[in-house]
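> The structure that follows is given in the form of structure tokens.
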Amino acid sequence: MTDKTMTPDEVVGRLRSGMTLGIGGWGSRRKPMALVRALLRSEITDLTVISYGGPDVGLLAAAGRIRRLVAPFATLDSIPLEPHFRAARESGAFALTEYDEAMFMWGLHAAANRLPFLPVRAGLGSDVMRVNPELRTVTSPYADGEEFVAVPALRMDAALVHLNRADRLGNGQYLGPDPYFDDLFCEAADTAYLSCEQIVESAELTKSGPPQSLLVSRHSVTGVVESPNGAHFTSCVPDYDRDEAFQKLYATTPWPEFAARFLSGAGEHDYQTAVRTWHEEQQ
């Protein structure tokens with residue numbers, strides 16, 4: 001079996017401008033932020049981003065890397081609307097395809113199952129159909145004759161996700177309260193890169209939690225990155241909660257100032273050091 005361990009920069013070295021990139025997690029929860037920060041250190045741009053949006057979307061939007069966003073929302077959870085997403089949309093910086101959360105989920109299911117679309121009831125009778133005029137409906141071929149929205153597959157060139165534990169083969173485990181569809185992101189993408197808080201031996205994964213916590217299987221993972229605190233400033237329960245103080249700083253600091261202090265270093269170590277220094281200054 002293949003050892004799939006990589007560094008964040010090696011992951012980004014496999015990505016290209018113009019790709020469709022899926023990013024796992026949910027809002028400001030268990031986002032693969034170390035991989036997003038590595039992406040910001042590159043020249044990659046013109047991305048179509050598929051995400052239950054949080055600061056991953058905000059960072060990429062502020063840096064001008066997004067061509068189109070496909071998302072049901074962009075939130076920091078405790079701050080309802082992601083501020084950099086809002087600013088980018090208000091300026092018309094990128095296009096937006098906005099789906100209902102259920103439609104988005106079934107788009108992931110369709111892509112994971114290599115289907116062109118899946119029929120769903122969500123969206124009928126709502127403005128989702130008005131703001132997405134390219135959506136089509138289908139009629140059940142059975143006696144009920146019911147009409148459904150045909151949600152297109154959310155197929156991706158690459159996906160980035162963050163979990164609590166993984167082994168070197170690409171098996172990933174979440175230990176928090178919710179899987180956040182990270183398995184679907186991996187299965188819906190041509191390549192998938194999993195960062196984690198800790199790489200452990202395969203046998204340890206079965207000891208850390210119940211079988212259903214083994215969320216991501218090695219068959220859908222291209223590379224594994226050990227990145228402690230790699231979801232910061234989002235939460236990665238039970239390893240750590242969201243860094244609310246730092247998130248507030250992010251949301252209220254002008255982007256050039258924030259980027260210069262926290263995102264201008266050579267790697268993830270520089271970011272983590274800058275964050276620790278800021279926290280020490282607040283004491």
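The values are calculated or read from the model by the stated rules, or taken from the named source; none is laboratory data. Keep in mind the model is a prediction, meaning the values are calculated, not measured. All Cβ positions, even for glycine, are placed from backbone atoms using ideal geometry, and neighbour counts span all protein chains on display.
> Regarding region 117-130, can at least one residue be identified that is farther than 30 Å from Glu201 by Cα, of a type in the set (S, T, N, Q) and surrounded by fewer than 23 Cβ atoms within 10 Å (Cβ to Cβ)?
Looking through region 117-130, at least one residue is farther than 30 Å from Glu201 by Cα, of a type in the set (S, T, N, Q) and surrounded by fewer than 23 Cβ atoms within 10 Å (Cβ to Cβ).
> Another question, if that's okay. Here's a check for you: in region 1-48, which residue that is in a helix (DSSP H, G or I) and touching a His at 6+ places or on another chain (Cβ under 9 Å) is nearest to Asp270 (Cα to Cα)?
The residue in question is Ala34.
> For region 129-163, which positions are among the charged types (D, E, K, R), over 30 Å from Cys236 (Cα atoms) and either touching a Phe, Trp or Tyr at 6+ places or on another chain (Cβ under 7 Å) or in a strand (DSSP E or B) (or both)?
If the condition is that a residue be among the charged types (D, E, K, R), over 30 Å from Cys236 (Cα atoms) and either touching a Phe, Trp or Tyr at 6+ places or on another chain (Cβ under 7 Å) or in a strand (DSSP E or B) (or both), then Arg136, Glu147 are the ones that fit.
> Can you pull out every residue in region 78-108 that is hydroxyl-bearing (Ser, Thr, Tyr) and either under 26 Å from Val149 (Cβ atoms) or assigned to a helix (DSSP H, G or I) (or both)?
Scanning region 78-108 gives Thr97, Tyr99.
> Condition check: assigned to a helix (DSSP H, G or I), in contact with a Phe, Trp or Tyr (Cβ under 9 Å, 6 or more places away or on another chain), of a type in the set (Val, Ile, Thr) and under 24 Å from Ser220 (Cβ atoms). Does Val70 satisfy that?
no
For every residue, the table says whether it meets (1) of a type in the set (Lys, Arg); (2) touching a residue at least 12 places away in the same chain (Cβ under 8 Å); (3) within 26 Å of Leu108 (Cβ to Cβ); (4) surrounded by 19 or more Cβ atoms within 10 Å (Cβ to Cβ).
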position	(1), (2), (3), (4)
Asp190	no, yes, yes, no
Tyr193	no, yes, yes, yes
Cys196	no, yes, yes, yes
Ser202	no, yes, no, no
Glu257	no, no, no, no
Ala260	no, no, no, no
Glu268	no, yes, no, yes
Ala274	no, yes, no, no
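> What number goes with the only condition from (1) in contact with a Ser or Thr (Cβ under 8 Å, 6 or more places away or on another chain); (2) modelled with pLDDT under 95 that Glu197 does not pass?
Glu197 satisfies every listed condition except (2).
> Condition first: under 17 Å from the mean Cα position of the chain (by Cα) and under 21 Å from Trp26 (Cβ atoms). Now tell me which residues in region 205-223 satisfy that.
Residues satisfying the conditions are Leu215, Val216, Ser220, Val221.
> Right, here's the next one. What number of residues within region 147-204 satisfy the criterion of being over 15 Å from the mean Cα position of the chain (by Cα) and under 24 Å from Glu134 (Cα atoms)?
Number of matching residues: 7.
> So, Ser227, is that one in contact (Cβ under 8 Å) with a residue 12 or more places away in the chain, surrounded by 21 or more Cβ atoms within 10 Å (Cβ to Cβ), closer than 15 Å to His162 by Cα and touching a Leu at 6+ places or on another chain (Cβ under 8 Å) or not?
When the stated conditions are applied, Ser227 passes them.
> Further, regarding this structure: For residues that are surrounded by fewer than 22 Cβ atoms within 10 Å (Cβ to Cβ) and among the aromatic types (Phe, Trp, Tyr), scanning just region 142-180, find the one that is nearest to Arg114 (Cα to Cα).
The selected residue is Phe148.
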